[in-house]
Amino acid sequence: MTTATCSLASDPAAITALAGRIIAGDPCSPAEARELLDAAPGSAAAEALFAGAQRIREAFVGNRLRVCSVVNVKAGNCSENCSYCAQASGSENDGYKRTKWMDSEEIAKATESAAANGAKALGLVAAWWGIKEGTQLDMVCDTIREFSQNGKVRPDVNLGILENQRCADRIKEAGAAVYGHNLETAKSFFGNICSTHSYEERLKTISYIKKSGMGLCSGGIVGMGENRDQRIEFAEQIRFIEPQMTPINFLNPLPGTKLGHIPPMDADEALITLAAFRFLLHDRNLMVAGGKEVVFKDRLGEVFKTGINAIMVGNYLTTLGTAGEQWRAWAEAHGLEFPATCEELPGSACSTGACG
């Protein structure tokens, strides 16, 4: 993808017209979305971008906020070398508790906490390569089956690479509604992030998930050193696989990880990126997930002006998050209903970190 000119990025009227065109049924092109990334913070064009993103959100996914949470059911000692992850092979970060597969009582407590924070779904996340047939798959399915019967929140999973279609089918049969499996980044940048499994393996797992009938939650992380062209490449690949939910994470540069030296993404650039993604992914459920506290700090409530319609609440996998009540206040201040009922939408899970 070649670097685009900045004509659209500096023309508020053109951005407003583009939003209207998208609402009328003519999708945004990758080249146009790339131009939007160049809007200058604080400019009239940036304000038109945010206003347009909110119009597009309302037209395609409404103003009901979707909320989920995650729990790390198996933490640490991961075989995969994802550069952003504290749990990865080769990571020197020790700021979290390593655990084997979580027992039923602990998972029950996590479901109660998620429900108390307004979440309608809880994603079970594990740090490992993924799922193979045999005792591992049996253990996972037993947990999902028990979890699905407690009625607190909907069971979703984020368990890494799937060995074959039978693994996906059995996880679906056990009661998992949604499988989270991120693309993480653009295909052209993936080799900079992970070498222990391939981008193609992730796409194969996504095909298993979709064929099983589970909802697909798939997004990635921005701010890992990719350029703006690659951010649009990533978003276009997300558009191609058509997940029901797309979590957008921001790199939290944790000490001891391979990307620990990269500074957090600039808050204004992050806001403009989210809004440009809404233009390109006009009818997707876009979630702001991990790393947002690090990037936005005291401007966290501004994420709602970018056209996102979903958030992760509570704590994350190895870092703390923002409580549900604070999210409620920010969402309602921006005219969004919190929390939304999401039973009619199979893809309201989220995923971040681990091998998701």
Fill in the blank from the handout: Checked segment 114-173 for anything over 18 Å from the mean Cα position of the chain (by Cα), part of a strand (DSSP E or B) and not hydrophobic (A, V, I, L, M, F, W, C); matches are Gly130
Exercise for the section: Give the residue, chosen from Lys74, Lys97, that is within 19 Å of Thr205 (Cβ to Cβ), at pLDDT below 75 and either of a type outside the set (S, T, N, Q) or in a helix (DSSP H, G or I) (or both). Expected result: Lys74
Practice task
Answer yes or no as to whether Asn72 is touching a residue at least 24 places away in the same chain (Cβ under 8 Å), farther than 19 Å from Glu302 by Cβ and touching a strand residue (DSSP E or B) at 6+ places or on another chain (Cβ under 9 Å).
Solution key: yes
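State all residues of segment 33-64 that are touching a strand residue (DSSP E or B) at 6+ places or on another chain (Cβ under 9 Å) and in a loop (DSSP other than H, G, I, E, B); if no residue qualifies, say none.
Those that are touching a strand residue (DSSP E or B) at 6+ places or on another chain (Cβ under 9 Å) and in a loop (DSSP other than H, G, I, E, B): Val61, Gly62, Asn63.
Rundown of residues vs (1) on the phi > 0 side of the Ramachandran plot; (2) surrounded by fewer than 19 Cβ atoms within 10 Å (Cβ to Cβ); (3) outside the structural domain of Ile193 (by TED's automatic domain parsing); (4) modelled with pLDDT of 95 or more, yes/no style:
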residue: Gly260; (1), (2), (3), (4): no, yes, no, no
residue: Met265; (1), (2), (3), (4): no, no, no, yes
residue: Glu269; (1), (2), (3), (4): no, yes, no, yes
residue: Ala276; (1), (2), (3), (4): no, no, no, yes
residue: Phe279; (1), (2), (3), (4): no, no, no, yes
residue: Asn285; (1), (2), (3), (4): no, no, no, yes
residue: Ala289; (1), (2), (3), (4): no, no, no, no
residue: Val295; (1), (2), (3), (4): no, no, no, yes
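Would you call Ser83 under 28 Å from Leu122 (Cα atoms), out of contact with any Phe, Trp or Tyr (no Cβ under 9 Å at 6 or more places or on another chain) and in contact (Cβ under 8 Å) with a residue 24 or more places away in the chain?
When the stated conditions are applied, Ser83 passes them.
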Exercise for the section: Please find, among Ser212, Ser207, Ser198, Ser188, the residue that is surrounded by fewer than 24 Cβ atoms within 10 Å (Cβ to Cβ), closer than 29 Å to Ala108 by Cα and out of contact with any Ser or Thr (no Cβ under 7 Å at 6 or more places or on another chain). Expected result: Ser212
Fill in the blank from the handout: Note on segment 131-173: residues among the small types (Gly, Ala, Ser) and either surrounded by 20 or more Cβ atoms within 10 Å (Cβ to Cβ) or free of Cβ contacts under 8 Å to residues at least 12 places away in the same chain (or both) are Gly134, Gly151, Gly160, Ala168
Practice task
Among the residues of segment 120-144, write down those that are modelled with pLDDT under 75 and touching a Gly at 6+ places or on another chain (Cβ under 7 Å).
Solution key: Ala127
Practice task
Return only the number of the condition from (1) assigned to a helix (DSSP H, G or I); (2) crowded, with 19+ Cβ neighbours inside 10 Å; (3) at pLDDT 75 or above that Val67 does not satisfy.
Solution key: (1)
Problem - Ala86 modelled with pLDDT under 95 and either in contact with a strand residue (DSSP E or B) (Cβ under 7 Å, 6 or more places away or on another chain) or buried (at least 17 other Cβ atoms within 10 Å of the Cβ) (or both) - result: yes
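The values are calculated or read from the model by the stated rules, or taken from the named source; none is laboratory data. A quick note: this is a predicted structure, and the numbers were derived from the prediction, not measured. Positions of Cβ are backbone-derived with ideal geometry, glycine not excepted, and every protein chain shown enters the neighbour counts.
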